[in-house]
Amino acid sequence: MNQSKLFSEFKLKNTTFRNRIVLSPMCQYKAVNGYVEDWHFQHYSRFAFSGLGGAFIEATGISPEGRITHGCTGIWEDGQIEGLKKITEVFKKYRCVSGIQLAHAGRKASFLRPWDGAKPIEKNDGFEKKWQTIGPSAIPVNENSPTPIEMTNDDIEKVKNDFKNAARRSLEAGFDILEIHGAHGYLLHSFFSPISNKREDKYGGNLENRMRFGLEIVRNIREVWSSEKPLFYRISSVDGAENGSSFEENIVYAKELKKAGVDIIDCSSGGIGGSPVLMKSKIVPGFQVPFAERIKKEANIDTMAVGAIIDFNQAEDIIVKDRANLVAIGRELLADTQWVYKAASFFDLPNAKDFLPESYSFYLSRRDEYLDRQAKPY
Ligand SMILES: Cc1cc2nc3c(=O)[nH]c(=O)nc-3n(C[C@H](O)[C@H](O)[C@H](O)COP(=O)(O)O)c2cc1C
């Protein structure tokens, strides 16, 4: 009998995750004009047949200027649906819940790809043009970053519409779940944080005003994203910077997000810039799990834990202790796409090989028959 809670099903609205393990969204920086390429198909296919409960496609720009880099995926025009659809079809085929993360990079847009320097694009970077960034206030992330233009009401309405249209396209592309990127200092987070938001209108100042933009986007998205389909929202649970938004503010935010139509909070942290407090401390495995645990209990909403979740027992423990409903894994899955199969074997699941495609599992089962033992990867 399956004793592992990590491998128990999780049902959220009309969606059933076959286990609690989810691929965290991770930018690939390989798109061309926002369009997915062969790379994306190959990369995401590997995860589609790796036994995961669910998988998120990377932060995908709701507009060209909402991308972090020229290599980011986009969903601002209908032509971009087809390539994404090809990816969701693979996920469906292998029973992996498919998700997309919708994003606007705000004042952290117009950057070079990580391997090109991960710094703002300069006028003379030659092969690619920089673009004007936007934000709640004309405050750059740091002295080396470009100053964003303070968004007008028209700009705010445009971004809200862009998110809504992107959600409609995500539905057409066949995604089962959708995540709004409200973390890491990008546009939505920059409205929430008092470090980057100094507005004096209804979008700035007190907490109610700083939550407004994110909540309006959620409500807008809910108008087109089926009420039967789960909606995730990634927050930075703490800014980790002086005068930033507090964890307590995020608990209030999580409660409001739930009322607005969010089903699950994906609990990350940091990224807003300013003078780092928390980030000075060394990151330890599971360092953000306490955020997921407290938000789950104190805001009474389902959560996904993320951040240096590496070991099988560590992941199991999070679910057993009900510290989160799902665990999102990023880099460890890049290192080992068969993590789920290995975890299932580690926990002695009789059906561990079901987490591999048939054309792999068949031969491993046959090998087991020849060997005088159950051949386990762990
Ligand atoms: C290459 C790479 C790309 C990432 N891209 C995104 C992204 O598109 N959206 C996002 O919210 N987080 C992104 N992240 C953060 C991850 O989703 C995850 O939260 C972080 O890596 C911590 O989890 P891990 O320790 O399991 O990798 C990225 C991380 C990496 C390493």
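No lab work stands behind these numbers, since they all come straight from the coordinates. All figures in this text were calculated on a predicted structure; none of them were measured in a lab. Virtual Cβ from ideal backbone geometry, glycine too; neighbours counted across all protein chains shown.
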### Query
With the chain treated as a Gaussian network of Cα nodes joined by springs under 10 Å, which of N144, N250, N161 yields the largest mean-square fluctuation?
N144
### Query
For the Cα atoms of the chain, what angle does the longest principal axis make with the long axis of helix 81-93, in degrees from 0 to 90, nearest 10?
30 degrees
### Query
What dipole magnitude, in Debye to the nearest 20, does the chain give about its Cα centre under +1 on Lys/Arg Cβ and -1 on Asp/Glu Cβ?
380 debye
## Note on the structure
per DSSP, antiparallel bridges as share of beta bridges in the chain, % nearest 5, sits at 15 percent
### Query
Treating the beta-carbon of each Lys and Arg as +1 and of each Asp and Glu as -1, no other charges, what is the dipole magnitude of the range 240-378 about its Cα centre, to the nearest 20 debye?
160 debye
### Positive-end residue, the chain charge dipole about Cα centroid, Cβ charges, pick of F213, A55, A352
A352
### Query
For the charge dipole of the range 10-370, defined by +1 on Lys and Arg C-beta atoms and -1 on Asp and Glu C-beta atoms about the Cα centroid, which residue among T133, A183, L112 has the Cα displaced farthest towards the positive pole?
A183
### Message
For the chain, what does the helix formula give at 222 nm: sum of -39500 (n - 2.57) over DSSP H segments with n ≥ 4, over the residue count, nearest 500 deg cm²/dmol?
### Response
-10500 deg cm²/dmol
### Query
Which whole-Hz couplings ³J(HN,Hα) result when phi for each residue of the range 319-335 is put into the Karplus expression 6.51 cos²θ - 1.76 cosθ + 1.60, θ = phi - 60°, listed in order with x for Gly and Pro?
6, 4, 7, 6, 7, 7, 8, 9, 10, 9, 10, x, 5, 5, 6, 5, 6
### Task
Per residue of the range 5-16, in order, report the coupling 6.51 cos²θ - 1.76 cosθ + 1.60 (Karplus, θ = phi - 60°) as ³J(HN,Hα) in whole Hz, putting x for Gly and Pro.
6, 4, 9, 7, 5, 10, 9, 9, 6, 8, 10, 10
### Query
Which angle from 0 to 90°, rounded to the nearest 10, does the C-alpha axis of helix 247-260 make with the longest principal axis of the chain?
80 degrees
### Net charge dipole size for the range 10-152 [Lys, Arg +1 and Asp, Glu -1 on Cβ; Debye, nearest 20]
800 debye
### Query
Distance from the Cα centre of the range 44-59 to that of the range 141-215, in angstrom?
26 Å
### Task
Could you tell me which of N243, P64, F10 has its Cα farthest along the dipole of the range 10-370 towards the positive end, charges placed at Cβ (Lys, Arg +1; Asp, Glu -1), taken about the Cα centre?
F10
